[in-house]
Amino acid sequence: MSAHGTLKAQQAPRRGVDADGSVTLPLQRLPFSNLASAEAEHAFKHLIDDGPVTTDAEVSRAHYGRFNDALAADMLAKYPVHVSEDTLGGVRVHRVVSQLASPADLQRGILINLHGGAFMWGSGNGALVEGIPIAATTNLPVVTVDYRMAPEHVFPAASEDACAVYEAILKDFPAESIGLYGLSAGALLSAQLIAWLQKRGLQRPAAVAMLGGAGADIGGDSASLGASMTGSLPESGLASLFSLPYLTGADRQDPLALPDCADDVLAKFPPSLLITASRDFPASSVSSFHRRLVANGVDARLFVFDGLWHAFHIFSELPEAQETYRIMADFFMRTLRLKA
């Protein structure tokens, strides 16, 4: 009998596997990864904030506002940057500029940041936590976008705001000198913006970096195990992006909401950088999205940090966070056409 025939003849699932392919995990102690830094282990034990398990946006905004205020204060003490508030395309933004950058540096190119926060929180200091270290590392100006969020607004409000800012920046910088990046919900929004620009017939940015998220729904092993592997309650995990208030009424088959559903959209993505971690709940989706991009001919790179968790790089003291900043800087230096 051939190997195929042997496999076909085995009708019953093997021991330990249910008929639907599920397995029941025994109680098991998971040690902290010996491939991660001592600083990461300390942060894992003491600094990770699970946040409130609630659907009340105001409760979450107050909680994460305090958390991000502390992180931003630490970064502002560490990195010599100047922060100013502005309006671009009718949308509030913050400009983050390295004090070590020369006037010529600030004209070479520009980066747009779309912050994380489940499309419910993360504006203001939450966005600055993502913008400050990248502006300091690249010497390029960073514009963080305070896009409209749920529950007050739903899809595609954030895409409209991000596009308005992008169009305003196009008046001062060519598309080949613009980079885009986002964390978590901001990673999805970055992918959505690429699809949105295609629909509008606008030139895409030179590159996009997606951290802790991508243009695909949550799924795979990490969606089931991510919360447990960080010591969080399983119910604190996110089963689907479409359970987020922001995506209320959005169509899963609409590439403007979920770019992963359309190969023709993915094929037009710019060079892409994806960064996640082995205990990050969307890690499986990020990995799958990377493969989809590569299959569609996109120059896409994936970095997975072992033992780390969702949005680990906001803790700027971690060696892995600093490595992430360097990876992003190298990526944008390689892909953007910067003015000499």
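The values are calculated or read from the model by the stated rules, or taken from the named source; none is laboratory data. Being a predicted model, the structure only gives us computed values, none of them experimental. A quick note on method: Cβ atoms are made from the backbone with ideal geometry, for glycine too, and the neighbour counts reach across all protein chains shown.
A few comments on the model shown:
- Only listed residue being buried (at least 16 other Cβ atoms within 10 Å of the Cβ) and in contact with a helix residue (DSSP H, G or I) (Cβ under 7 Å, 6 or more places away or on another chain), chosen from His313, His290: His313
- Scanning region 236-253 turns up no residue that is under 16 Å from the mean Cα position of the chain (by Cα) and under 21 Å from Asp299 (Cβ atoms).
- Considering region 51-146, the qualifying strands (runs of 3 or more DSSP E), each wholly inside and each with 2 or more residues that are touching a residue at least 60 places away in the same chain (Cβ under 8 Å), run over 91-98, 110-114.
- Against the numbered list (1) modelled with pLDDT under 95; (2) within 19 Å of Phe119 (Cβ to Cβ); (3) crowded, with 18+ Cβ neighbours inside 10 Å; (4) aliphatic (A, V, I, L, M), Leu211 comes up short only at (1).
- Some residue of region 199-208 being within 28 Å of Ala70 (Cβ to Cβ), buried (at least 24 other Cβ atoms within 10 Å of the Cβ) and in contact with a helix residue (DSSP H, G or I) (Cβ under 7 Å, 6 or more places away or on another chain): no
- Residue count, region 53-95 (criterion: surrounded by 15 or more Cβ atoms within 10 Å (Cβ to Cβ) and among the polar types (S, T, N, Q)): 2
- Sole exception among (1) under 16 Å from Ala209 (Cβ atoms); (2) in contact with a helix residue (DSSP H, G or I) (Cβ under 7 Å, 6 or more places away or on another chain) for Gly186, by number: (2)
- Residues being touching a Pro at 6+ places or on another chain (Cβ under 8 Å) and either at pLDDT below 95 or basic (Lys, Arg) (or both) - total across region 107-125: 0
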